[in-house]
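Asker: This is the structure I want to talk about, given as C-alpha cells.
The values are calculated or read from the model by the stated rules, or taken from the named source; none is laboratory data. Note that the coordinates shown come from a computational prediction; the quantities given were computed from them, not determined experimentally. Cβ: placed from backbone, ideal geometry, glycine included. Neighbour counts: every protein chain shown.
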Ligand SMILES: [Zn+2]
Ligand SMILES: [Zn+2]
C-alpha cells in the first residue's frame, strides 16, 4: 500500500513538475537581457561578445545569448526584460516569431542593432560573410512594425555608401536615452533610404556626405518607438567591432537597452569597458632585462580592483614611487650595477615605507650584489656563480610539475593543487625562516617554490612559477598572482 502511494506521488510529480524560480539562475536586481544571434551576414561571432560586454560592464544587466532564436518560445522568453537582436538571417518560424512579437507587445523591450533591421522583409535573405542567398521568404510584417523600418531593394534602394568616419548628432535630447549625450565620431556604414514606419522618435542623425557616396542629406540612425505595451530601441550603427568600440556607440546602445528593458535610463553618457574601483590597488609592474612572452600581461589585466601600470628598466625607479603606488610587481632581471644610486634609493624608500612587493619568476635573480635586497627583502637568490658557500642554481625548461599550495595563507586561499608546464629552478638560496606558500616534489626543482619573506618593514612575496604562456594563461596562476598583489597591498 505504501509503495502504491509512493508510486502515485512520483507519477503526480512527473505530471506537474515544480518550476524552479528564475532567481536561482539570475543575478538579483539586474535587468535580464537575451541577445539573439547565430545568423548574420556580419561577423556576429566577433560582435556579440562586445554587445554582451558593453552591457555587463555597466553592472546593470545579466546577459544571456542564444545562437538559435528559431527555438524560442514563450517560456524561454518569460524571465527576460529585453531582447537584443544581432540577427540577420532567415525566418524563425511562427512559434518563435509569435513568442517574440508577444513578448514585446506584452510590455517588454527590444533593441535592434545594425543589420538586425534587415531580415524578415521583402529583401532577399542574406548568408554568412555578406553572401546573397537568392532566396526571398514571405515577409514577417510584425518585425518591420516593431523595428520601425524595413529595407527595400526598389529605388531608392536601402543600403549605404562606403564605410567611413562620420559624426553622429543627437536630435532627440528630450528623450532619456539621448539626454546628456555628446555628438560623437564613428567609422561605420551610414544607412540610408530606410522605409520608415510612423511613430519613430528619432534620437540621432548623421549627414550622409555625397563626396563619400552618400545622399547629401541627414539620415536618421537611432530611434525609439512603442509597440503594443512594449518599447523598442533601434540603432543603425555597429557594422563591426571597430565601429562598436566608439564610446558614443557603447553608451547609446547600453542606455537604449536599459530604456527598452525598464522604461528609464540610469546609465551615464559614457560606459567604461574597463572600469576600475575608486580604491583599486595601484600596482607598478616592472619588466626589462629578461625577455618574456606578451601573454604575461594578461595575468594582471582586466581586474576591477587592481590598476596596473607597466614601466620597464632602466628608468622604472627614477621617481619616488611611494605616493603613486601600493605594490611593486617585479618580473624583471637586473643587477645593481645597472641601477643608478638615486634609483636604488627610491626603491629602498618604497620598500621601507611599508608598501608591498611581489616578485615573480626570474626576478629572483635580481641584485645579487646588493645584500640588503636578497638577504633581507627577497629572502632568496638565484645564485649565478658559486659564492659564500652557496652552489650555483640551475634551471630546466618545459617541465610538467605538480604544485601544492601549503600553509593556508590568504595568498593561496581556495587554490587546489595544480599541474604546471613551466621552468623549474634548483639550488635557489632561501632563508630558512621564509613562510612557504607553494611546494613541489619534482626532482629538477627545489621543494619550496613560493614564499612570504620574513622582511619586517613591508609585505614581500616570491612566486617562482610563470615562465611562459602555459602558466600565464591558467586561471589558477592569475588568481595566485592576484591574491599575492592584494595581500601585499594590505587588502
Ligand atoms: Zn554592416
Ligand atoms: Zn624563465
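Asker: Only one of 357, 351 is more than 23 Å from residue 470 (Cα to Cα), modelled with pLDDT of 95 or more and part of a helix (DSSP H, G or I); which?
Answerer: Every option except 351 fails the conditions.
Asker: I would also like to ask the following. Working only within region 136-147, note down all residues that are surrounded by fewer than 17 Cβ atoms within 10 Å (Cβ to Cβ) and farther than 11 Å from residue 91 by Cα.
Answerer: Listed by number, the list holds a single entry, 141.
Asker: Of all residues being without any contact (Cβ under 8 Å) to a residue 24 or more places away in the chain and more than 17 Å from residue 423 (Cβ to Cβ) in region 375-394, which is nearest to the chain's Cα centre (by Cα)? Just the residue, please.
Answerer: Keep residues of region 375-394 that are without any contact (Cβ under 8 Å) to a residue 24 or more places away in the chain, which gives 384-389.
With more than 17 Å from residue 423 (Cβ to Cβ) added as a condition, the list becomes 385-389.
On the way: 385: 45, 386: 47, 387: 48, 388: 49, 389: 50 Å.
My answer is 385.
Asker: Quick check on my filter: what residues within region 443-467 are within 16 Å of ligand 2 (Cβ to nearest atom) and either part of a strand (DSSP E or B) or surrounded by 18 or more Cβ atoms within 10 Å (Cβ to Cβ) (or both)?
Answerer: Correct list: 445, 446, 449, 450, 462, 463, 464, 465, 466, 467.
Asker: For the structure I just gave you, tell me whether residue 274 is modelled with pLDDT of 95 or more and not in a strand (DSSP E or B).
Answerer: no
One line per residue, one yes/no per condition, for (1) under 19 Å from residue 485 (Cα atoms); (2) over 27 Å from the mean Cα position of the chain (by Cα):
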residue: 305; (1), (2): yes, no
residue: 309; (1), (2): yes, no
residue: 316; (1), (2): yes, yes
residue: 327; (1), (2): yes, no
residue: 331; (1), (2): yes, no
residue: 340; (1), (2): no, yes
residue: 344; (1), (2): no, yes
residue: 359; (1), (2): yes, no
residue: 370; (1), (2): no, yes
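Asker: Still on this structure: So which pairs qualify, if the first residue must be in region 115-135 and assigned by TED's automatic domain parsing to the domain that holds residue 91, the second must be part of a helix (DSSP H, G or I) and surrounded by fewer than 17 Cβ atoms within 10 Å (Cβ to Cβ), the Cβ gap must be under 9 Å, and the two must be at least 6 apart or on different chains?
Answerer: 120/141; 121/141
Asker: May I pose another question? How many residues does region 468-483 contain that are in a helix (DSSP H, G or I) and within 14 Å of ligand 2 (Cβ to nearest atom)?
Answerer: Residues meeting the conditions: 5.
Asker: Take region 95-141 and flag every residue that is touching a helix residue (DSSP H, G or I) at 6+ places or on another chain (Cβ under 8 Å) and part of a loop (DSSP other than H, G, I, E, B).
Answerer: Matches in region 95-141: 108, 119, 120, 121, 140.
Yes/no per residue for (1) in contact with a helix residue (DSSP H, G or I) (Cβ under 7 Å, 6 or more places away or on another chain); (2) within 24 Å of residue 287 (Cα to Cα); (3) at pLDDT 95 or above:
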| residue | (1), (2), (3) |
| --- | --- |
| 413 | yes, no, yes |
| 422 | yes, yes, yes |
| 453 | yes, yes, yes |
| 461 | yes, yes, yes |
| 474 | no, yes, yes |
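Asker: Out of the strands (runs of 3 or more DSSP E) lying entirely within region 142-235, which hold 1 or more residues that are touching a residue at least 12 places away in the same chain (Cβ under 8 Å) and outside the structural domain of residue 100 (by TED's automatic domain parsing)? I'd like the intermediate steps shown before the answer.
Answerer: Working: elements: 164-170, 184-188, 201-207, 218-227, 230-235.
Strands (runs of 3 or more DSSP E) meeting the threshold: none at all.
Asker: For region 389-406, does any single residue satisfy the condition of being surrounded by 20 or more Cβ atoms within 10 Å (Cβ to Cβ), more than 16 Å from ligand 2 (Cβ to nearest atom) and within 22 Å of residue 485 (Cβ to Cβ)?
Answerer: Yes, there is a match, as at least one residue in region 389-406 is surrounded by 20 or more Cβ atoms within 10 Å (Cβ to Cβ), more than 16 Å from ligand 2 (Cβ to nearest atom) and within 22 Å of residue 485 (Cβ to Cβ).
Asker: Quickly run through region 203-261 and pick out the residues that are within 16 Å of ligand 1 (Cβ to nearest atom) and farther than 20 Å from residue 158 by Cβ.
Answerer: 241, 242, 244, 245, 246, 249, 253
Asker: Same structure again: Go through region 287-328 and give me each residue that's away from ligand 2 (no atom under 16 Å from the Cβ), under 24 Å from residue 422 (Cα atoms) and either in a strand (DSSP E or B) or touching a residue at least 60 places away in the same chain (Cβ under 8 Å) (or both).
Answerer: 298, 300, 310, 328
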